[in-house]
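Q: Let me begin by handing over the structure; questions about it come next.
The values are calculated or read from the model by the stated rules, or taken from the named source; none is laboratory data. Predicted, not measured: the structure shown is a model, and the values here were computed from it. Every residue, glycine among them, receives a Cβ derived from its backbone with ideal geometry; neighbour counts consider all protein chains shown.
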Amino acid sequence: MPPTIRSFFILLTFSLCFFSGQSNAQTDTTINVVDSLNLIQLDSSALDSIPQLENIIQEEVLVGKDTTRDPAKAFMYSALYPGLGQFYNKQYWKTPIFGGAFTTGLVLTINNRVNYVRYRNEYAYRIQNPLEPPTRFVDIDNSDLLYERVKAKRSYNANLAATCFIYGINMLDAYISASALRKKRAHSPVKAAYFSTVLPGWGQAYNKKYWKIPIVYAGLGVCGYFLYDSYSKMNSYTKAYIFRNQPDFVPDPVVIGSIAQSPNDLLRFRERYKSRFETFVIITTAWYILNILDATVDGHLYEFDEQMKDDLSIGFSPYIAPLPQSQIGGIPQSAVGMSMSLTF
């Protein structure tokens, strides 16, 4: 085939593929690509000169229909409300999961915030008007009211953090899923990052770096232990400060040695463990992010590592070689050995 005609056929094929992709809402892309190939009868030498076209053709024929989605649109829909991006990606089973989890977290967050404000306002009113009767929570004394306010504030912070996390994961899932539908990669670093975001260690398993999973969970376990220990002691000193004047109050063992000290000392111990708790929250978050970065880097290096495994090989094989000028009883002697071959 003359070069001019071949170039014309290549240009025409690209044009047909482009316009068929633009009009996929009205026409099936696979039919357009296959029909254009039948009409043009593009030879294999032209395909060798444009390898990307061959990948597109094989991908469309295997899929059988256009399943591409715009990642930006998926991200925008999920930003409007969790689950809409997954619905746009036609991953319908994910829609109630993200939508339900976010809605539940939002309801709990609002409820805890309302309770916190009610406890806070009532406690402030009682402190400012000690001689006036309580307006609300008449069955709860000031100490219990203060502790309920503290618990409501903690629950509000925890639910708010969990709801924001679900919201972020929802947008990330919609964007990555749409990108995966558009780009058919054998191994995606973005998927590895997403898997480790959802469940630490999952990205390492996806990258086949199984030996890293115990390290990830060992770090999370250490951080979890110190988080629990710091929180427990902070809570113990908080209760000791609030209820120290109650006759029936029995402090936790951790504060028995400090219960006779002044309220300022109890507050000082509480602030110490509160600072420790916040420090380990930062360390745990950093370890969690490091787990995601590690999965992402290994995802980028995965194909390189696989190629190196294929290119680099070591082989061993036995051999028997005759020994010249070595005979016993007129019979030539041989030597047995092992040969090693290195391919790179």
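Q: How do the helices (runs of 4 or more DSSP H) wholly within the range 138-211 filter down when requiring 3 or more residues that are surrounded by fewer than 18 Cβ atoms within 10 Å (Cβ to Cβ), assigned by TED's automatic domain parsing to the domain that holds Gly83 and polar (S, T, N, Q): which remain?
A: So the answer is 142-182.
Q: Take Leu267 and tell me if it is farther than 30 Å from Thr95 by Cα and either in a loop (DSSP other than H, G, I, E, B) or of a type outside the set (Lys, Arg) (or both).
A: For Leu267, the condition - farther than 30 Å from Thr95 by Cα and either in a loop (DSSP other than H, G, I, E, B) or of a type outside the set (Lys, Arg) (or both) - is met.
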